[in-house]
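Here's the structure, in structure tokens; my notes come after.
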Amino acid sequence: MRLYKLLITSISASVLIFLSQNVAAEDEIGVNSAVKGDVTIQSHAQIAKQALVKDPLFLGDKVTTAQDSSLQVLLKDQTVFTIGSDCALTIDKYVYDPNKSNNSLSATVSKGMFRFMSGNISQSGPDAVTIDTPVASMGVRGTMVEGLVGADAIAHVIKNGLISPDTKVDSNGATLFVLRGPGQRSQARNQKGEISITSAGETVTLNRSGFAVFVASADTPPSEPFELQASIFNAFNTTLRTKPTGGASFEPFELGAFIKTDPASDVPDTADAPDYDDGLDDDSLDDDPSTIFDLPIHDDDEFVTDCTPQNPNFPECK
């Protein structure tokens, strides 16, 4: 009888281990491709741990960066998430089967600066990808988008005269959304790219690269799209793109062009990934906005001649 109980206990333990491993495998959604500084990841009820390159990321993991720190994550469908200093990210939903068309992704950025570059999931439909902030929800359709949540977003729009200093804002959640576009080298089906920002029951659609939308609070509708000014462009560029100049700068991350998928695995292989930021193999092209922005989209299809972020040669056009 005692031997029987020991056998049952052993079998039960083995089953539990097997089930937990299967659950973990199903919840694994990508890998950390680059880690700089103090970045922690908390999985479910576990204690938060320092993020390490090539460690897996699981559904529901809470990712937090400290000051002067940043992280890039590659998801199984080749979506790329980059978060900058003092940022918090959680991927709440991730459904991906390359053989199906009903895939979906939703994430929450509660503070800080981030960049999102669409992967294969965005091809499932206009509502397949959503990113929430404390004040708004954004739908992403086949493009690259950047955002900034919190006091820095407010400071940028006030400094550039986009709102008055006495405007009612959510100091922790106000969000600036910037449409970058997939870039001229992108193979995305939607070469223009589009984002839709919803707040207070109203939605604003942005489909012009180099333009932005600001949401002051959850009770405030999104602003009308406005041209991204050079100072805001440079702020994103400094945090998420440029090469280090010493001190507390970040090393840049490469984007999707370097992703090489191992045939035996759905997780991208990043072992040989170079340290470039914009997904280009040629270092001389790094930070060339013609590879970051789409060509400008106008009703008359005229090229932007002014040296602004809407010009694909910005800032080299100066």
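Before moving on, here are some points about what is shown:
- Any hit, the range 16-25, residues being modelled with pLDDT of 90 or more and of a type outside the set (D, E, K, R): no
- Sole exception among (1) within 18 Å of the chain's Cα centre (by Cα); (2) at pLDDT below 90 for ARG2, by number: (1)
- Number of positions in the range 108-118 that are closer than 17 Å to ALA128 by Cα and either surrounded by fewer than 20 Cβ atoms within 10 Å (Cβ to Cβ) or out of contact with any strand residue (DSSP E or B) (no Cβ under 8 Å at 6 or more places or on another chain) (or both): 1
- Residues considered: ASP55, ASP77. Of these, the only one that is crowded, with 20+ Cβ neighbours inside 10 Å and either out of contact with any helix residue (DSSP H, G or I) (no Cβ under 8 Å at 6 or more places or on another chain) or among the acidic types (Asp, Glu) (or both) is ASP77.
- Within the range 119-144, the set of residues being modelled with pLDDT of 95 or more, closer than 13 Å to TYR94 by Cα and surrounded by fewer than 23 Cβ atoms within 10 Å (Cβ to Cβ) comprises just one member, THR130.
Let's see how each residue does on (1) surrounded by fewer than 20 Cβ atoms within 10 Å (Cβ to Cβ); (2) among the small types (Gly, Ala, Ser); (3) modelled with pLDDT of 85 or more; (4) not in a loop (DSSP other than H, G, I, E, B):
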site: THR198; (1), (2), (3), (4): yes, no, yes, yes
site: THR203; (1), (2), (3), (4): yes, no, yes, yes
site: ALA212; (1), (2), (3), (4): no, yes, yes, yes
site: PRO222; (1), (2), (3), (4): no, no, yes, no
site: SER231; (1), (2), (3), (4): yes, yes, no, yes
site: THR238; (1), (2), (3), (4): yes, no, no, yes
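- Scanning the range 141-162 turns up one or more residues that are in contact with an Asp or Glu (Cβ under 8 Å, 6 or more places away or on another chain) and among the β-branched types (Val, Ile, Thr).
- Filtered residue count, the range 115-130, keeping only those that are among the hydroxyl-bearing types (Ser, Thr, Tyr), in a helix (DSSP H, G or I) and touching a residue at least 60 places away in the same chain (Cβ under 8 Å): 1
- Residues in the range 80-117 that are at pLDDT 95 or above, hydrophobic (A, V, I, L, M, F, W, C) and out of contact with any helix residue (DSSP H, G or I) (no Cβ under 9 Å at 6 or more places or on another chain): CYS87, ALA88, LEU89, ILE91, ALA107, VAL109.
- Any hit, the range 149-161, residues being modelled with pLDDT of 85 or more and of a type in the set (S, T, N, Q): no
The values are calculated or read from the model by the stated rules, or taken from the named source; none is laboratory data. The structure displayed is predicted, hence computed values, not measured ones. All Cβ positions, even for glycine, are placed from backbone atoms using ideal geometry, and neighbour counts span all protein chains on display.
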